[in-house]
Amino acid sequence: SYDQLEYLPDQDMFFAAGGATYSANGYASGLVWLFDLSRSDTSGWSQVPMPGKAYGLFEFNMSTAYDPVSGRILMRGYSEAGSFDPTERTWNITQRKLRSRGLGTVGEIDPKRRVFIVIGGGGAELYRVSPSGEFGEMQPLVTSGDKEIEQCYAPGLTFDAKADRFVAWCGKGDVYSLSLEKRLWVKHVPKSGAVPPDPADTPGIRGTYGRFRYMPEYNAFVLVSGMRSNVFIYRLADEKGRIP
């Protein structure tokens, strides 16, 4: 339930990395779990170890995104950053000795501008990403506007290809979009009364992480806060990318 859950379209696989070992000792897991979605039973699961020890690339929460250009999973880990090649099932670490991240951070990539951002818990970082999926040096992400979304603990964060901007959600009806050229956050107030609850008010839920996703085939977002909660659908821009 942290941020490191992704879909691998070329392999039709589900990717999950790290996290805490449930019903064991609660320590950070150093494994990548892959599930072949063409299989209907547990034989579809396989494992790949992550390199190094805890507090390097992995710990509990890492910020990840699937990069459609390189076909890799990008990961800003605890104090290192790198990428995972699902075809070769290998890791490449390109940044070390980073400032340790907070548990309430999430990441996403703008695949066109080759920029990976991390926000949450009051922090905001930016990384340039090469066409082969290598992280550049960390830069502060300096923004203006309705930037209170950066204070949110583990907001939902995704990239809207139609509107061509990052989109984030923290709770209830307001949605925030970030224009990377202007470095400007804009808050969008809902036009209907059907809004999802605040994760902070839901027992057993803290933060959203990767459960707020953009679906390009529908030009819409899906939000799943929990297995016992309603699923919400949201649309920001029209089919031409215009935001009302």
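Of note:
- Antiparallel bridges, percent of DSSP beta bridges restricted to the chain (to nearest 5): 95 percent
- Neighbour net charge for residue 69 - beta-carbon separation under 10 angstrom, K R +1, D E -1: +2
- Rounded if a/c under 1.5, otherwise prolate or oblate - the range 1-87, Cα gyration tensor axes: oblate
- Percent carbon-and-sulfur accessible area, the chain, ignoring ligands, DNA and RNA, probe 1.4 Å: 52 percent
- Counting DSSP beta bridges with both ends in the range 112-194, the antiparallel % (nearest 5): 90 percent
- Förster radius 41 Å - calculated FRET efficiency between residue 239 and residue 54, Cβ distance, rounded to 0.05: 0.35
- Dipole magnitude (debye, nearest 20) for the chain, charges at Cβ of Lys, Arg, Asp, Glu: 480 debye
- Look at the dipole of the chain built from charges on Cβ: of 171, 90, 64, the Cα furthest out on the positive end belongs to 171.
- Using a simple spin-label model with pseudo-atoms 7 Å out from Cα toward Cβ, residue 228 and residue 161 lie 3.7 nm apart.
- Loop-located trypsin sites (Lys or Arg not before Pro) in the range 42-76 (DSSP state other than H, G, I, E, B) with a sparse environment of at most 14 neighbouring Cβ atoms within 10 Å: 53.
- Three-way shape label, the range 91-229, alpha-carbon gyration tensor, a/c 1.5: prolate
- For the chain, excluding the exposed loop sites themselves (chymotrypsin sites (Phe, Trp or Tyr not before Pro), DSSP loop, at most 14 other Cβ atoms within 10 Å), the longest remaining stretch covers 56-217.
The values are calculated or read from the model by the stated rules, or taken from the named source; none is laboratory data. Remember, predicted model here, so these are calculated numbers, not experimental data. Positions of Cβ are backbone-derived with ideal geometry, glycine not excepted, and every protein chain shown enters the neighbour counts. Calculation scope for accessible area: heavy atoms of the full protein, side chains included, ligands and nucleic acids excluded. Shrake-Rupley method; radii C 1.70, N 1.55, O 1.52, S 1.80 Å.
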